[in-house]
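Here's the structure we're looking at; comments come further down.
Computed from the coordinates by the stated procedures, all read-outs in this text should not be read as laboratory data. These numbers were taken from a predicted model, which means no experiment stands behind them. Methodologically, a virtual Cβ is constructed for each residue, glycine included, from the backbone with ideal geometry; neighbour enumeration extends over all protein chains shown.
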Amino acid sequence: MPLTPSLLNSLQRDFPHITFRESDAFSWSPTEKAVSYSPTDPDADALILHELSHAILGHEEYPKDVALLAMETAAWDHAKGLADTYKVVVEDDTAEANLDTYRDWLHARSTCPACKATGYETTPRTYSCVACSGSWTVNEARLCALRRYKIHPR
């Protein structure tokens, strides 16, 4: 269901230090202290609570990719608590479908470009493979196509 106007009004009233702005996508900008939302999205009520949860939980940067998945999970858990307060339904399927995009993102980043085994992040955006000893870097790729660049070919 599209964004409920009364929910947006309540959030603006209850969180005056956060800017809520219409956009094509949902996001939290810690530098701008702004939640962006798409009012016509079928899951808009749940998604705006999720992005607000990032703000409430103080999510800004993540040291390694797996930490982003942990932050996303925490924000969905917190959004479910907010849903009770604001009389919104946050379906488990909605949360899990959104978390799956981050799980897929993390899996793609950690897949060795040489042997396709799962590697581990050694430093931010740098991965190593235990199977073939290869290393690679990755771009940010949260909102664009993933790129992996071999450092040490096998």
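Worth pointing out:
- In the range 88-128, the GluC sites (Glu not before Pro) that fall in loop regions by DSSP, at most 14 other Cβ within 10 Å: Glu91
- At least 30 Å along the helix axis (C-alpha) and Kyte average at least -1.0, DSSP helices within the chain: 65-86
- Here the dipole of the range 5-107 is about 440 debye; that uses its Cα centre as origin and unit charges on the Cβ of Lys and Arg (positive) and Asp and Glu (negative).
- Each residue, Ser6 and Leu57, gets one label point 7 Å from its Cα in the Cβ direction; the gap between the two is 2.8 nm.
- Contact order relative to length of the chain, as percent, for alpha carbon pairs under 8 angstrom and 6 or more apart: 14
- Rounded to the nearest 0.05, the FRET efficiency derived from the C-beta distance between Asp100 and Ser29 at R0 = 41 Å is 0.95.
- Taking the square roots of 5 times each eigenvalue of the Cα gyration tensor of the chain, largest first, gives ellipsoid semi-axes of 35, 15, 13 Å.
- FRET E, pair Ala117, Val89, Förster distance 35 Å, beta-carbon r, rounded to 0.05: 0.30
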